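Visitor: Before I ask anything, here is the structure I am working with.
Laboratory data are not the source of any read-out in this text; all were calculated from the coordinates shown. Keep in mind the model is a prediction, meaning the values are calculated, not measured. Virtual Cβ from ideal backbone geometry, glycine too; neighbours counted across all protein chains shown.
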Amino acid sequence: MFYRMRDVLRMTSLSRSSLYRRIAAGSFPAPVSLGGAAKGWRRIDLEQWEQDPGNFKLMAACTTITTGQGAKVRQVRY
């Protein structure tokens, strides 16, 4: 599930400029592309931020590997 800007602003009570300032500082999840010019936030990222906004960390890297059985697994580094 993805949330659009107006939903995120309502949920967090942040202003648009404060939200972008936090994204630039790495203390708030960045939006992802939904296709075209549309952007949105993943529900899981917002829930993680809500749990502990002071200690939120962005991922340093995320890679997808395929196991011998053909399953795709994400490896996340913070």
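Visitor: Report the label-to-label distance for Asp52 and Arg16 in nanometres (one decimal), using points 7 Å from each Cα along the Cα→Cβ vector.
Guide: Inter-label distance under the simple model: 3.3 nm.
Visitor: Turning to a different aspect of this structure: For the Cα atoms of the chain, what angle does the longest principal axis make with the long axis of helix 16-25, in degrees from 0 to 90, nearest 10?
Guide: On a 0 to 90 degree scale, this one is about 40.
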